[in-house]
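Undergrad: Encoded as structure tokens, here's the structure I'll be asking about.
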Amino acid sequence: MSSELSRPKPDFKGFGYRIAQIENNTHCNYKCWFCPNAYDTPAPKACMDLELFSHILREIRTVYTPWELNDVSFATYNEPNLDETFKEKLQIMTSMGFMYEHISNGSMITTDLTDFLIKYPQNIKQFRLNIPTLDESRWKNITGASVSVMYKMFYQLDYLFTRASQLNFGITVIVNGDGSEEHKQEFQKVYQKFQHTKNINFSMTGLIDRAGTLADAECETQKMASGEIDWGEQPLRCNAGYFENLYFGIKGNVFYCCHDYHQKHSCGNIKETPLRELLKSDSYFQHKQNFMHEFCRKCEQARPLQTVN
Ligand SMILES: C[S@@+](CC[C@H](N)C(=O)[O-])C[C@H]1O[C@@H](n2cnc3c(N)ncnc32)[C@H](O)[C@@H]1O
Ligand code: SF4
């Protein structure tokens, strides 16, 4: 057993601000090689109804002022744009003053949605689009989706990107990968395909093995970094600040970390107990301790409590 990382520390230090992650829907149309969706059984297909969604937002406001928590994202292991009530949810959030961070694979950002966002600007912080390749011969192997999805997406994103100056938020294209030469090539190709569009940022981003749950993940050209991690029984903290965030599952369950694919560790349900009580309950601290001992100990983003980085 080792309390040191058996591989280089990841760059990612979290969002840098507190965020509420709300699982607006459960399903995804991809199976990216670096995502548990490619290896595990996804949750049954479901969409959160507007009543529960609004209830969650109201409950957040009973605990946090807008200065303390004002950002919302929908991304769990879903594709948020597959939710037919996406626009309505965006409008509800905007009307309540929240800011939305869109984390999406970009495949369902229709020209219709772009027109809507230009005509009716919403409170959007940014679009972070996960596009790990645009190479026709690699597409299926890397994303698990058919090539026709890639072509349709490219057309729709071109429409969005060429209108970037009319939008009230920034767009970043994220090319996830293992840091290898092949990853670099994917990044360059994605960049070249969109380089004619102005005001778009590009990021070549590394991977997290999600507390060892993706240790064996690979595709034909890339592979998850190897090296088991075990911080042991010592007290830990999250270097990415994930314990500062809030996580709400599709059924209103409150959980601790986005890496917990099955949302196994929960302190209760917001439909039954006010958020303020849930976050102060013995159950919250007990489950958090269990989560740290079982899950965080294998996570590369965890650190011993007393360390500073
Ligand atoms: C799980 S996805 C869900 C939302 C959407 N389907 C998407 O792909 O953006 C949320 C974010 O996690 C990133 N991601 C997925 N697997 C990852 C991994 N193993 N390590 C780091 N980031 C990952 C994606 O690039 C995306 O930005
Ligand atoms: S990373 Fe996103 S797009 Fe890819 S399978 Fe996971 S949830 Fe779907």
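The values are calculated or read from the model by the stated rules, or taken from the named source; none is laboratory data. Everything numeric here is computed off the predicted structure, so don't read it as measured data. A quick note on method: Cβ atoms are made from the backbone with ideal geometry, for glycine too, and the neighbour counts reach across all protein chains shown.
Undergrad: Within the stretch 96-113, is there a residue that is touching a residue at least 12 places away in the same chain (Cβ under 8 Å), away from ligand 2 (no atom under 14 Å from the Cβ), within 21 Å of the chain's Cα centre (by Cα) and farther than 18 Å from residue 69 by Cβ?
TA: Yes - at least one qualifying residue is present in the stretch 96-113.
Undergrad: Let me ask something additional. So is residue 78 within 19 Å of residue 257 (Cα to Cα), assigned to a loop (DSSP other than H, G, I, E, B), within 16 Å of ligand 2 (Cβ to nearest atom) and at pLDDT 95 or above or not?
TA: In short, yes.
Undergrad: Scan the stretch 159-168 and tell me whether some residue there is under 27 Å from residue 35 (Cα atoms) and not β-branched (Val, Ile, Thr).
TA: Yes.
Undergrad: Related question: Name the residue, out of 277, 220, 233, that is among the acidic types (Asp, Glu), surrounded by fewer than 17 Cβ atoms within 10 Å (Cβ to Cβ) and either within 16 Å of ligand 2 (Cβ to nearest atom) or free of Cβ contacts under 8 Å to residues at least 40 places away in the same chain (or both).
TA: 277
Undergrad: Would you confirm whether or not the stretch 183-194 contains a residue that is surrounded by 19 or more Cβ atoms within 10 Å (Cβ to Cβ) and on the phi > 0 side of the Ramachandran plot?
TA: No, the conditions are met nowhere in the stretch 183-194.
Undergrad: Please state which one of 65, 94 is at pLDDT 95 or above, outside any helix (DSSP H, G or I) and away from ligand 1 (no atom under 16 Å from the Cβ).
TA: Being at pLDDT 95 or above, outside any helix (DSSP H, G or I) and away from ligand 1 (no atom under 16 Å from the Cβ) holds for just one of 65, 94, which is 65.
Undergrad: Residues to consider are 134, 167, 117, 129; find the one that is surrounded by 20 or more Cβ atoms within 10 Å (Cβ to Cβ) and over 21 Å from the mean Cα position of the chain (by Cα).
TA: Result: 117 is the single residue among 134, 167, 117, 129 that is surrounded by 20 or more Cβ atoms within 10 Å (Cβ to Cβ) and over 21 Å from the mean Cα position of the chain (by Cα).
Undergrad: Any residue that is surrounded by 20 or more Cβ atoms within 10 Å (Cβ to Cβ), within 16 Å of ligand 2 (Cβ to nearest atom) and of a type in the set (Asp, Glu) - is there at least one of those in the stretch 23-33?
TA: yes
Undergrad: Kindly indicate which of 123, 130, 81, 70 is under 30 Å from residue 181 (Cβ atoms) and either in contact (Cβ under 8 Å) with a residue 12 or more places away in the chain or of a type outside the set (Ser, Thr, Tyr) (or both).
TA: One residue alone meets the criteria, 130.
Undergrad: Continuing with the same structure: I'd like the full set of residues that are charged (D, E, K, R) and within 14 Å of ligand 1 (Cβ to nearest atom), limited to the stretch 201-249.
TA: Residues satisfying the conditions are 209, 210, 216, 218, 223.
Undergrad: I would also like to ask the following. Does the stretch 123-148 hold any residues that are within 13 Å of ligand 1 (Cβ to nearest atom) and not basic (Lys, Arg), and which are they?
TA: Residues satisfying the conditions are 126, 127, 129, 130, 131, 132, 133, 142, 143, 144, 145.
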